[in-house]
Structure formats: structure tokens, C-alpha cells
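The values are calculated or read from the model by the stated rules, or taken from the named source; none is laboratory data. Remember, it's a predicted structure, so these values are computed and weren't measured experimentally. So basically every Cβ, Gly included, is an ideal-geometry build from the backbone, and we count neighbours across all protein chains shown. Note: accessible area is taken over every heavy atom of the protein model, side chains too, but ligands, DNA and RNA are not part of it. Shrake-Rupley method; radii C 1.70, N 1.55, O 1.52, S 1.80 Å.
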Amino acid sequence: MFEANVYVNRRRALLEKMAVQSAKGIVIFLGNADAPTNYRGNDYKFRQDSNFLYFWGVDEPWFAGVLDLDNGDECLYGNDVDIDDIIWMGPQPTVASKGNAIGCAKTLPLAEFDKAVTAAVSAGRPVHFLPPARYYNQMKLAQLTGIPNAIVRKVGPIAEGGASEELVKAVVALRLIKEECEIEEMDKAAEIGYWMHTEARRGCKPGVLEQEIVGRMEGVTYSKGWGPSFTTILSQNGETLHNHSHHQIITPGRLLVVDAGAESNTHYASDFTRTYPCSGKFTTKQREIYDIVEQANELAFSLTKPGTSYWDVHCATVRYMLEQLKALDFVRGDVDEMVACGISGLFMPHGLGHNMGMDVHDMEDLGENYVGYGDERQRSPLLGMGNLRMARNLKPGHVVTDEPGIYFIPALIEQWKREGTDKGFVNYEKLSGYYDFGGIRLEDDVLVTEEGSRRLGPYRLPIKSSDIEDIMSKE
Ligand code: GLY
Ligand code: MN
């Protein structure tokens, strides 16, 4: 948790951003409730709603907050513990003291939150809320506001009666630019991610079960922070972009994709990807592709600075990859035309990167276009480019991932061949020798600074193919 003035300033800044949009009424925030795994009382480890955490700081279930746009009043809602709670959970600080810690003088029991919202609804006052991530909060908002459940997550102008576009825009504008105290936390998350991935690389030995590596690397995140920042992706079938199956044995000759990150105790994320040769040495075929991805990662980093957009960085990066793939005869023809037709999507169906903060895909639930595009540009319909989650003009304080990849996805290749999607640019004969290749992705986390950018964390995971082979031979 940060100093009280951090939360005070954020709530004040939010009021100002809402005032600029002439928004009236109240803004409500629901913290997360406990979420049962298999029965009430056996819950998933608690994770607070990120927006609640950002403005209200309290990292416990069953809290809510209200900001009054018309008079600036604010109130934190939660219940003090009773003797039953004390028996099971021990004595807890009062809600008033929690309010004090975030600079909010007024606190009330949680039941008063329901009354405040229903009173505002009855009085015809606008009630601004964000699209909720959790189903419980979705139901709760529907019940309190009378808005149909199906509409509660639909973002639009407040007058349309769903989640508030005015509020989404204000929150995105604030959370996109990281404060110094947040950057410190992200550096910590990156350091934990470094040790997490170091454990994975050391575990990548022939004969080891993938699941065993996942267990060991996730253990690092629990011992140094809150835990993984998302479900670990670790697989020798790296051509499946988000592969969560870890049932295979590490086999010489294959590639292991490890895409994983850590969350700091204050809930800031890291997200790294490395790809390892399971035998400790790349084959020539693997190294050719690996070095293209590694250079693409480097190129993207060198271009990431204020004054450019991540859209342009994505385009320059896929252009470079297509030039290199052309040199290897995977594609034939004019590279600019290929970029324009989205041919890179066959090899890299995802975007170059996404925003990151308290959420690994920061604020994704508020709407990818509000977060990654704003009014600056329209999203592309092309495969790959269309999956770019961050396209904005870069500003100091943005944190983005730099994660180019090249994958050989047999089903996708076959579909393009069948449907002629490649417009004659793709050499399918060459590709036929890569159906068992898998995929390669290499990802770092990058902070945009006044001068340019820097990678987060005190150390960088080895990435050059020669460095990977060197370190794997010693571990
Ligand atoms: N690291 C997972 C993702 O970016 O989607
Ligand atoms: Mn990522």
C-alpha cells in the first residue's frame, strides 16, 4: 500500500477528469468479494479488483467506495469485524483506520453502500461504474441499479444506461501513465519475474516433466511476491499461443516457450517470455528463426520512445520479420505489400505488445480500444495487426510489453492455403518442413521515459541465442 496522499491525489484527479466531461451524479467502486473454489468457506486466494485498489487502496474483500461528483464527498464502505471474525481471522484494524490510511475521512458499514446507490437511482442521479470483471459484482450492480445483467458490462455514454464511458475514459487516462511509486513496484515485479524465469531455464533439461518446471517457477513468485501475474504458459507446443497444458516431458530437439510473470505484493505485474532449446543447443533451423525474433525484439525496443506510436513500432517490427522471412524464402514478393495485406499475421497472429500495470493486460476489462487506441486511431481488421492491444502514441509513464514471435501453426497455414489468404506471397513448400517446429516468442517489459525507454527490472534475462546456449551449458 502507498502513502495516503497517493490515493487522495488519484481520487481528486478522477473528480477533475469527470468534471471536464461535465459528468454529474456519483461514481461507485465495488471491491471484490471472496470467491469460493468448491464450497463457501474454501476460497480462491483473494485478489482485489484493480480499479478499487488503485483509488481506494484497501486490499481486502467486501469493501466499496463512493465519490460524489456534485459536491466532492467521498466515503469508504466496509464492516468492522465481530467476535466470530476475530475467532477465525484474529483482530483486524477498524474500517475507520483503513479510511485514514487512504486519506478518506468518512467510513460507513457496507449495507450503507447499497442504500447510497439505491437512493441515487431513486433520485434520478447518474450512477457511474466501471464494467466489472467478476460475476458477483456484475450481479450486484444489476441488482442495485436495476440495469439488466447483460448491459452492466456494456460501456457507453452514461445516458445509455450501462457502464460509464465517461468513467472508463477518466480511469484509463490516469492508470495508463504510471507514477513513480508504481514504477518502483513494477521494477520489483520484474525482478521476481527474472528469478522465476531463471528457475524455469535451469529446469529445462531432457526428461523433466513440464509441470515440474511450472511448479518450481511459480514457487519463486509466491516466495518473493503475491504469485504469478497470470496463468503460466509453458509448453513445447509453443505454436499454441496460450498453452496451459504442461503434461509433456522435455525432449531434446524441441523448443520450450515459457511465457510467465510475477505479481508484486502490491499487485503490479511483470510478463516475460523466453524460448529455450530443450537440448541446450539450437539446431540451425531453430537458430535462424530465433535470431529473427531476437532482433525484432531489439528493434522494437530501440523504436519505443515518446513521439512515436506503438502502432508504428508494431508495423516496423513485422516489416523486419517479413524481410528476414523473405531472405529465408518463406515468403516471396514486395515486403511493403505484404505488410499492407497482413501477411505477417500468418507467422505472428498477435500484436507486438500490450499495456501493463496492475493487470498484466492492463485494464483490459474496461475495453481494449479505450485502453490501447483511444481516439487516436482505428483498430485494423487484419490478423495480427488486429490483435494489437496497444497502438497509442507513446508517452513517458506508459509501460508496454515488447513480445514479437514467429509460430508455425499447421491448421492456420492449411487454412490460408485453402482459402488463398496469402495472395500468393507465401511459399507453402518451404513451410511444409516446419509443421513440427512449434513457435518462438521473446518478451520484455518496457517503460517509456522522457528520453526514450528502459526495460523494467534490475537484470535482463539472457536472450541472445549464443548467450542462451552458453548459460544452459553451465546450469
Ligand atoms: N503473457 C501473456 C500475454 O501477453 O497474453
Ligand atoms: Mn505479454
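Points to keep in mind about this one:
- Most to least accessible of R319, R47 (protein chains only, probe 1.4 Å): R319, R47
- Each semi-axis of the equivalent ellipsoid for the chain is √(5λ) with λ an eigenvalue of the Cα gyration tensor; in descending order they amount to 43, 26, 20 Å.
- Entry comment: accessible area of region 1-135 is 51 Å² per residue, from protein heavy atoms only and a probe of 1.4 Å.
- Pairwise Cα inverse-distance average, inverted: Kirkwood Rh of region 117-177 (Å): 11.8
- Kirkwood hydrodynamic radius of region 404-475, from the reciprocal of the average inverse Cα-Cα distance over all distinct pairs: 15.8 Å.
- Which of G374, Y435, T401, positive extreme of dipole for region 360-435 (C-beta unit charges): Y435
- Carbon and sulfur %, accessible surface of region 124-172 computed with the full protein complex present, 1.4 Å: 58
- Remark: accessible surface ordering of W56, W311 (largest first) is W311, W56, probe radius 1.4 Å.
- Between helix 465-474 and the chain: long-axis angle, C-alpha atoms, 0 to 90°, nearest 10: 80
- From the largest down, region 340-475 spans 49, 46, 26 angstrom on the principal axes of its Cα atoms.
- Using the alpha carbons alone, the radius of gyration of region 234-294 stands to its Kirkwood radius in an Rg to Rh ratio of 1.05.
- Contact order, relative form, for the chain: 14 percent (alpha carbon pairs under 8 Å, 6 or more residues apart, mean separation divided by residue count).
- Sites A13 and K285, calculated FRET efficiency, Cβ-Cβ separation with R0 56 Å, nearest 0.05: 0.60
- Residue-count net charge about S466 - beta-carbon cut-off 12 Å; Lys, Arg +1, Asp, Glu -1: -2
- As a size descriptor, the averaged projected area of the C-alpha convex hull of region 277-368 was calculated at 8.2 nm².
- Cα long-axis angle, helix 310-327 against the chain (0 to 90 degrees, to the nearest 10): 20
- Debye log10 I(q)/I(0) for region 6-75, one point scatterer per Cα, at q = 0.23 Å⁻¹: -0.95
- Cα Rg over Rh - region 170-298, Kirkwood: 1.03
- With every protein chain in place and a 1.4 angstrom probe, the accessible-area ranking of S309, S302, largest first, reads S302, S309.
- Accessible area (Å², 1.4 Å probe, nearest 10) - K417: 110
- Coordinate range of the alpha-carbon atoms in region 70-223 per principal axis, descending: 67, 43, 32 Å.
- Fraction of the pair-distance distribution of region 382-441 above 16 Å, Cα-Cα pairs, percent: 59
- Charge tally for G124 (other residues, Cβ to Cβ under 14 Å; Lys, Arg +1; Asp, Glu -1): +1.
- For region 181-236, the average shadow cast by the Cα convex hull is 3.9 nm², which is a quarter of the hull's surface.
- Helix-only arithmetic for the chain: the sum of -39500 (n - 2.57) across DSSP H runs with n ≥ 4, divided by the residue total, places the mean residue ellipticity at 222 nm at -12000 deg cm²/dmol.
- The chain: angle of helix 210-224 to the longest principal axis, Cα-based, in degrees nearest 10: 40
- Net charge dipole, the chain: roughly 560 debye, given to the nearest 20, about the Cα centre with Cβ charges of +1 for Lys and Arg and -1 for Asp and Glu.
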